[in-house]
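As structure tokens, the structure follows; a few thoughts come after it.
The values are calculated or read from the model by the stated rules, or taken from the named source; none is laboratory data. Only a predicted model underlies this, so the values are computations on that prediction, with no experimental measurement involved. FYI the Cβ positions are ideal-geometry reconstructions off the backbone, even for glycines, and counts take in every protein chain you see. Surface accessibility is based on the protein's heavy atoms, side chains included, excluding ligands, DNA and RNA. Shrake-Rupley method; radii C 1.70, N 1.55, O 1.52, S 1.80 Å.
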Amino acid sequence: MNKWKLLPRMAAKGMFQNGTVYYPYVMAGIFSAFTWFAFSSILSNDLMARIPRGAYAWMMLSIGRVLLGLILIPFLYYANSFLVKRRTREIGLYSILGLEKRHIGLMLLCESLITYVIVMAGGILLGVALSKLLFLFLLWLISFPVEADFVFTWQAFKSTLLFFAVVFLINFLYGLVQVGRSKPVELLQGSRKGEKEPRFTVIYAMLGVGFLAMGYAISIRSSLDSMIFLNFFLAVFWVVLGTYLLFTSGSVLFLKLLKKKKGFYYRPGNFVTVSGMLYRMKKNAAGLSNICIFSTMVVITLVCTVVLYLGLNGITHHMFPYDVKINYAAGNFSQEEIREKAGEILEKNGVQAKRLDIYEMRSFSCSLTGNRFQMPVEDYEEDFRVVFLALEDYNRMSGENKALSPGQVLFYSQGSDRGFESLEFMGLSLEVAQELGSIYPYPKAGRDGMGTGYAIVVRDREALAQCVAAYAKESGVSDLAGFLESSYQHIGIVLEGSEAGKKGAVSDFIQWGRENQEIYAGHYDGIEERAQLNAMYGGLLFIGILFGLIFFMCLLLVMYYKQISEGYEDRGSFEIMQKVGMSGREIKSTVHRQILLVFFLPLAGALAHTAAGMFMVEELMAALQMFNGRLIGFCTVAASLIFILLYGVSYLATAKTYYKIVR
């Protein structure tokens, strides 16, 4: 038969006969292609450019697709390297029977092409079938319900074909290099060859503990500042490196310790388990560390996704508490005039005002040392926003009737409570009559960080002018009279009614503000601003959900391949042990003992990583204006319990395959 006909048939037959390892790889490839095609289809859909705020979701998805590629390339490379190792004996046999390496290379090329075609066909067909559903899900997450005509785009098709062509080319070249560098005898014995004990295990174990401690310390001691994202990547780097070193060296030290305990080691089940793991110590450690890392990714991604979903409404209202806010130069409108105009607009649009706050406010940037507010330093991280209100405005907004003596103030911190009995502002000594728990326009975060603000309520307008004058003096303002008069009147409204009515009222308020251009000082549309945040964070949610599924798929495949590879390697050992008297019950007992000794170590490591990582996750959530620590803690515990259940079920399912092989 012509070799051009024989080699493709050999490739197809080899894939079919090795279906135990090929089918999961193909399924993982199809899911990866589907995910990439779905991302590309949404990004290339013209509707994304037409829908309001679609640019925010498009930006998040563009970043997500880049990250997706950085995940899929090494993952599919790892899966392919496992396939190549499983085929070494078969390829070595082909060499012994007369096939030259160039013929074997052509056979591997045929296998790569067949796999590529199957993966592309399956992934793109699945993408065409489900992309519209995913797109509608994305629109729902960004709070933009629309009947979408999701059409097939050639741009997404070409992007998927090109990306996975590069991935499969890398995998094919890896297989080609592995075969080209090996001799037939080495290929025949490659899967049965034991591994040498790693050198410097004690040193590597100490380094692993040290790197983990560094990563944990960065996470636990992290704070919400400009270095938070750099610290996040540093913590991830040290934890990943420490995990690999600790599993590689620590597992060897642990197994050697078990081997020295003769009462434990010289039992049939323990002997097979420990000796088998020592036989493949490096491969075993790599598999365990991969499972630990992917498990941590799954749990943390799940926590962040759920927290963001449950806290999204709180985040948007924390940043924009009013539906509309208009600022004027103070002294141009009376309270009665503003309320009369607001009543006209509300009646016209058929909505009501849940809150209508009218107040004057002065805001300054200051540094805080102890209880002393001073001029800001050069380092902007030490600058805080300090807002001054008159007691009259505070009482009207809060519905209270507080009183202050001369020199007394009410103090409020958006971060943690300060407990000041007195404070100093630009040299002025002020007595703190009470530290407030809340002021509506400035929601309580309950923790310090970037953007922490303070509010000081003074007795009257005269006391406010004294504070303003003190700031002007310290800052070197020459026109003191003009600086004192540059105060602003703020009108903040929270609406009740239909969405259309609220949007119409906001539009009318903004138009009214712009009609008085000479005194108009700006506005914000809270409804639109929240919608933009929903679009951006909705894109994050969409990415988090898909990435969580991808990480879980990676975890399942790594677990499955570990079970398969160890099953084939252990089968010979179990056959020998059966011939010398080991029963089927003892084999099953040995398998379960291996589960307890090994496969729950990555789970314990993942939970430890998650516990340490939650300190930094809380800081990252705070960067998104999510300050609900209780919600984060509850979601962490719930996600960990759910993952433990899924991990156990997934492992038991893959363990059945292992048991069938060794049996």
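If ligands, DNA and RNA are left out, what is the accessible area of Val306 with a 1.4 Å probe, given in Å² to the nearest 10?
The value for Val306 is about 60 Å².
Which whole-Hz couplings ³J(HN,Hα) result when phi for each residue of the stretch 532-547 is put into the Karplus expression 6.51 cos²θ - 1.76 cosθ + 1.60, θ = phi - 60°, listed in order with x for Gly and Pro?
With the stated coefficients, the stretch 532-547 comes to 5, 5, 4, 5, 5, 6, x, x, 4, 4, 4, 5, x, 5, 5, 5 Hz.
Can you give the Kirkwood hydrodynamic radius of the stretch 289-415 from its Cα pairs, in Å with one decimal?
19.6 Å
Give the carbon-plus-sulfur fraction of the accessible surface of the stretch 357-468 in %, rounded to a whole number; probe 1.4 Å, heavy atoms of protein chains only.
Carbon and sulfur together cover 45 percent of it.
When the Karplus curve 6.51 cos²θ - 1.76 cosθ + 1.60 is applied with θ = phi - 60°, which whole-Hz ³J(HN,Hα) does each residue of the stretch 616-630 get, with x for Gly and Pro?
6, 4, 4, 5, 5, 5, 5, 5, 8, 6, 9, 10, 8, x, 5
What is the spin-label model distance, in nm, from Ser223 to Asp417 if the labels are put 7 Å beyond Cα along the C-beta direction?
Here the modelled spin labels are 2.2 nm apart.
Determine the alpha carbon to alpha carbon distance for each of Lys85/Lys261; Lys262/Lys562; Lys158/Lys660; Lys85/Lys262; Lys85/Lys256; Lys259/Lys656 and list only those over 32 Å.
From the list (Lys85/Lys261; Lys262/Lys562; Lys158/Lys660; Lys85/Lys262; Lys85/Lys256; Lys259/Lys656), the Cα-Cα distance tops 32 Å for Lys85/Lys261; Lys158/Lys660; Lys85/Lys262.
Divide the volume of the convex hull of the Cα atoms of the stretch 307-377 by its number of residues and quote the answer in cubic angstrom per residue.
Once divided by residue count, the hull of the stretch 307-377 is 178 Å³.
Measure off 7 Å from each Cα along the Cα-to-Cβ vector at Leu136 and Ala121, then give the distance between these two points in nanometres to one decimal.
For the pair Leu136/Ala121, the computed spacing is 2.9 nm.
Before anything else, pin down the relative contact order of the stretch 419-505: Cα pairs under 8 Å, at least 6 apart, normalised by residue count, whole percent.
21 percent
Can you work out the accessible area per residue across the stretch 344-482, with the rest of the protein chains kept in place, probe 1.4 Å, in square angstrom?
Value for the stretch 344-482: 49 Å² per residue.
Could you compute how much accessible surface Ile291 exposes when probed at 1.4 Å, giving the result in Å² to the nearest 10?
0 Å²
Spelling out what I want: for every residue of the stretch 35-42, take phi, set θ = phi - 60°, compute 6.51 cos²θ - 1.76 cosθ + 1.60 (Karplus), and round to whole Hz; glycine and proline get x.
Computed from phi, the couplings for the stretch 35-42 are 5, 5, 5, 5, 4, 5, 5, 5 Hz.
Per the Kirkwood treatment, what hydrodynamic radius in Å, one decimal, follows for the stretch 408-533 from the mean inverse distance over all distinct Cα pairs?
Result for the stretch 408-533 stands at 17.7 Å.
Starting from the residue with the highest accessible area, list Ser159, Ser289 in decreasing order, probe 1.4 Å.
Ser159, Ser289
Contour minus end-to-end for Val202 and Ser365, with contour as 0.36 nm per residue of separation and end-to-end as the Cα-Cα distance?
53.3 nm
Tell me, in nm to one decimal, what length is gained between Glu347 and Ser81 on full extension, where the rule is 0.36 nm per residue of separation less the Cα-Cα distance?
88.8 nm
For Ser487, what residues show an amide H to amide H distance below 5 Å, using hydrogens built from the backbone and excluding near sequence neighbours?
Amide H to amide H, under 5 Å and 5 or more residues apart or across chains, Ser487 pairs with Ala330.
Please list the non-local residues whose amide H lies under 5 Å from the amide H of Arg447, H modeled 1.01 Å from N, same-chain partners needing a gap of 5 or more.
Those qualifying (amide H under 5 Å, at least 5 residues apart or on another chain) are Ser416.
At 1.306 mPa s and 10 °C, plugging the Kirkwood radius over alpha-carbon pairs of the stretch 465-521 into Stokes-Einstein gives what diffusion coefficient in µm²/s?
The estimated diffusion coefficient comes to 111 µm²/s.
Round to the nearest 10 and report in Å² the accessible area of Arg418, as given by a 1.4 Å probe over the protein chains' heavy atoms.
Taking all protein chains as shown, Arg418 has close to 80 Å².
Could you pull out every residue, at least 5 positions away or on a different chain, whose amide H is within less than 5 Å of the one on Arg355? Hs are placed 1.01 Å off N in the peptide plane, and Pro or chain starts have none.
Residues meeting the amide H criterion: Val494.
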